[in-house]
Each structure stands twice: as structure tokens, then as C-alpha cells.
Amino acid sequence: SQTIHQWPATLVQPVGSPLSLECTVEGTSNPNLYWYRQAAGRGLQLLFYSVGIGQISSEVPQNLSASRPQDRQFILSSKKLLLSDSGFYLCAWSGNYNEQFFGPGTRLTVL
Amino acid sequence: EDKVVQSPLSLVVHEGDTVTLNCSYEVTNFRSLLWYKQEKKAPTFLFMLTSSGIEKKSGRLSSILDKKELSSILNITATQTGDSAIYLCADYQGGKLIFGQGTELSVKP
């Protein structure tokens, strides 16, 4: 069965520091991968999605970037965090169907 | 721009009540609409709806799509405290999900 991992679970970072969040999927190959941000427990905002290694689509211009160095690995990064980058970051994967399956999330607080 | 709107944004009920959550969408080339339940962390998948008028059911939860009205409802009967969560509705578009704001449901004992 497929599983999706995210780490770290929580992170507190100062403004201006770099960021790297990692997401890996097991039990499937060539998944579509997604990064979402959720602010204040509300709806999810799609940040990036990827249909294959090295293929990244950005949905919202911002201070973040994403990379997919391996088939089942998706990384969210920033060179310099802003206060507004605080939030709950969720990684998701989908296969041949429309459902997306979410990882446990990373709660990021930028101080 | 595609848009998904949920109502109400929050709701407080007592155990045993029945609730109806609403989701409306304005999208081009509709393909499917999905419902998720989010407790403390990751949203978990509930239903995917593609055809109008066909009810999907899982225990006390059910959902139906009305393509004419561009909307869907999620019903929860005989609510329990464990149903307390944020319920998210999303439209599937070209490999991406566009989410509504969510409905925060609180079930009091």
C-alpha cells in the first residue's frame, strides 16, 4: 500500500532563514505530487505540483520554490523566510484517478 | 477563474443532530468534486462525485452532486463528537484540486 511521509512535523524558524521541507511517497511509481499551504485551519492553497522528475508547475508567485529530484521525492524550499510564510504545509500525491492523498503535514512558524 | 465556495463556514450542533454542508462551484469543464475531512492534520478522502443525482454513502455520511445547480451537499446523520472537523470540498481540474474555504463543524456532547 502507498504511504506518504513528510518531515519535520513542526518547525520554528527566524525570519530570513532558509527552509527545506521534504516529502516522500512509497508504494507507487510516477505519482503526481503537490504542495499545499493551509492558513488558520481553512482551505488549502495549491503552491506547486509536479507530474514527473524535474517538472514543476508554480501556482502562486511567492517566496518559495519546489524541486523533484527523484520520482517519489518532492522538496519545498525558501532562501529567506518571511513572516507570511507561516502555515501548515501539506504534501499530497495522486495516481491515475482524481483523488489526492495527503501527508501528515508540517506546521511552520516564522518568528 | 475557477472557484469553490462552502457554506456555512462554521457550525455548532449537538450529538444526534443531522447536518448538511454545502459546496458550490463555478468551474469550466467540470470533471469531479471531492469531499475531505480534516481533523488535526492531514485531510482524509471521503467521496468523489462525478455524476449528478447519484448519492455516495459511507455509514452516517452521504453526499450528492447537482450539476444543474453547480453544487453538492454532504449530510451527516446522528452526529457524534468524533465528527468534529473541518470538511473540505474541492473541484478537480486538470490534475489539480481547487479547494473551498472549508466548513468547521463542532459537535457538542
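The values are calculated or read from the model by the stated rules, or taken from the named source; none is laboratory data. Every value quoted in this text rests on a predicted model; they were computed, and no experiment measured them. Glycine also receives a Cβ, built like all others from the backbone with ideal geometry; neighbour counts cover every protein chain displayed. To get the accessible areas, we keep the full protein, side chains included, count just its heavy atoms, and leave off ligands, DNA and RNA. Shrake-Rupley method; radii C 1.70, N 1.55, O 1.52, S 1.80 Å.
Just to verify a result, which residue in the stretch B:96-109, among those that are within 14 Å of another protein chain (Cβ to nearest Cβ) and open to solvent by 10 Å² or more (accessible area, probe 1.4 Å), is modelled with the highest pLDDT? I'd like the intermediate steps shown before the answer.
Filtering the stretch B:96-109 for residues within 14 Å of another protein chain (Cβ to nearest Cβ) gives B:96-106.
Next, from what is left, pick out any that are open to solvent by 10 Å² or more (accessible area, probe 1.4 Å): B:96, B:98-99, B:101, B:104, B:106.
On the way: B:LYS96: 85, B:ILE98: 90, B:PHE99: 92, B:GLN101: 93, B:GLU104: 94, B:SER106: 97.
It comes out as B:SER106.
With respect to A:GLU26, determine if the residue is within 12 Å of chain B (Cβ to nearest Cβ) and open to solvent by 60 Å² or more (accessible area, probe 1.4 Å). Spell out how you get there, then give the answer.
On the way: within 12 Å of chain B (Cβ to nearest Cβ): no; open to solvent by 60 Å² or more (accessible area, probe 1.4 Å): yes.
Taking the combined requirement at face value, the residue does not satisfy it.
Please specify each residue of the stretch A:46-63 satisfying the condition of being surrounded by fewer than 17 Cβ atoms within 10 Å (Cβ to Cβ) and at the interface with another protein chain (Cβ under 8 Å from one of its Cβ atoms).
Answer for the stretch A:46-63, where residues must be surrounded by fewer than 17 Cβ atoms within 10 Å (Cβ to Cβ) and at the interface with another protein chain (Cβ under 8 Å from one of its Cβ atoms): A:VAL51, A:GLU59.
Is it the case that A:ARG68 is touching a residue at least 24 places away in the same chain (Cβ under 8 Å), within 10 Å of chain B (Cβ to nearest Cβ), over 14 Å from B:LEU97 (Cβ atoms) and of a type in the set (D, E, K, R)? Steps first, answer last, please.
Working: touching a residue at least 24 places away in the same chain (Cβ under 8 Å): yes; within 10 Å of chain B (Cβ to nearest Cβ): no; over 14 Å from B:LEU97 (Cβ atoms): yes; of a type in the set (D, E, K, R): yes.
Taking the combined requirement at face value, the residue does not satisfy it.
If only one of B:LEU97, B:LEU105 is outside any loop (DSSP other than H, G, I, E, B), of a type outside the set (D, E, K, R) and closer than 22 Å to A:GLU59 by Cβ, which one is it? Give the steps one after another, and end with the answer.
On the way: B:LEU105 fails: closer than 22 Å to A:GLU59 by Cβ.
After applying the criteria, what remains is B:LEU97.
List the number of the failed condition for A:PRO8; all other conditions in (1) exposed (fewer than 14 other Cβ atoms within 10 Å of the Cβ); (2) modelled with pLDDT of 95 or more; (3) not small (Gly, Ala, Ser) hold.
(2)
Does the stretch B:42-49 contain any residue that is open to solvent by 80 Å² or more (accessible area, probe 1.4 Å) and modelled with pLDDT under 95?
Kept after step one, since they are open to solvent by 80 Å² or more (accessible area, probe 1.4 Å), are these residues of the stretch B:42-49: none.
No.
Given the options A:SER94, A:SER50, A:SER77, A:SER86, name the one that is in contact with a Ser or Thr (Cβ under 8 Å, 6 or more places away or on another chain) and more than 18 Å from A:SER17 (Cβ to Cβ). Spell out how you get there, then give the answer.
Working: A:SER94 fails: in contact with a Ser or Thr (Cβ under 8 Å, 6 or more places away or on another chain); A:SER77 fails: more than 18 Å from A:SER17 (Cβ to Cβ); A:SER86 fails: more than 18 Å from A:SER17 (Cβ to Cβ).
Result of the check over A:SER94, A:SER50, A:SER77, A:SER86: A:SER50.
Does at least one position in the stretch B:62-83 carry a residue that is within 13 Å of chain A (Cβ to nearest Cβ) and modelled with pLDDT of 95 or more?
As a first pass, look at the stretch B:62-83 and keep what is within 13 Å of chain A (Cβ to nearest Cβ): none.
The answer is no; no qualifying residue exists.
Give me the pairs, please: first residue somewhere in the stretch B:40-67 and touching a residue at least 12 places away in the same chain (Cβ under 8 Å) and closer than 16 Å to B:SER84 by Cβ, second residue anywhere and part of a loop (DSSP other than H, G, I, E, B) and of a type in the set (Ser, Thr, Tyr), beta-carbon distance under 7 Å, and either six or more positions apart or on two chains.
Correct list of pairs: B:ARG60/B:THR77.
Name, by its number, the condition in (1) surrounded by 19 or more Cβ atoms within 10 Å (Cβ to Cβ); (2) over 26 Å from B:LYS37 (Cα atoms); (3) of a type in the set (A, V, I, L, M) that does not hold for A:LEU111.
(1)
Could you pull out every one of the strands (runs of 3 or more DSSP E) wholly within the stretch A:54-111 that has 2 or more residues that are within 26 Å of B:GLU1 (Cβ to Cβ)? Step through it out loud before you land on a result.
Values: elements: A:55-58, A:65-70, A:73-78, A:87-94, A:106-110.
Counting at least 2 such residues, we get A:55-58, A:65-70, A:73-78, A:87-94.
Tell me which residues, restricted to the stretch B:70-85, are surrounded by 11 or more Cβ atoms within 10 Å (Cβ to Cβ) and over 12 Å from the mean Cα position of the chain (by Cα). It would help to see each step written out before you state the result.
To start, the set of residues in the stretch B:70-85 that are surrounded by 11 or more Cβ atoms within 10 Å (Cβ to Cβ) comprises B:70-81, B:83-85.
Those that are surrounded by 11 or more Cβ atoms within 10 Å (Cβ to Cβ) and over 12 Å from the mean Cα position of the chain (by Cα): B:LEU70, B:THR77, B:ALA78, B:THR79, B:GLN80, B:THR81, B:ASP83, B:SER84.
List the number of the failed condition for A:SER84; all other conditions in (1) in contact with a strand residue (DSSP E or B) (Cβ under 6 Å, 6 or more places away or on another chain); (2) open to solvent by 10 Å² or more (accessible area, probe 1.4 Å); (3) more than 14 Å from chain B (Cβ to nearest Cβ) hold.
Failed condition: (1).
When the stretch B:25-54 is examined, which residues are found to be more than 9 Å from chain A (Cβ to nearest Cβ), hydroxyl-bearing (Ser, Thr, Tyr) and in a strand (DSSP E or B)?
Of everything in the stretch B:25-54, just one residue is more than 9 Å from chain A (Cβ to nearest Cβ), hydroxyl-bearing (Ser, Thr, Tyr) and in a strand (DSSP E or B), namely B:TYR25.
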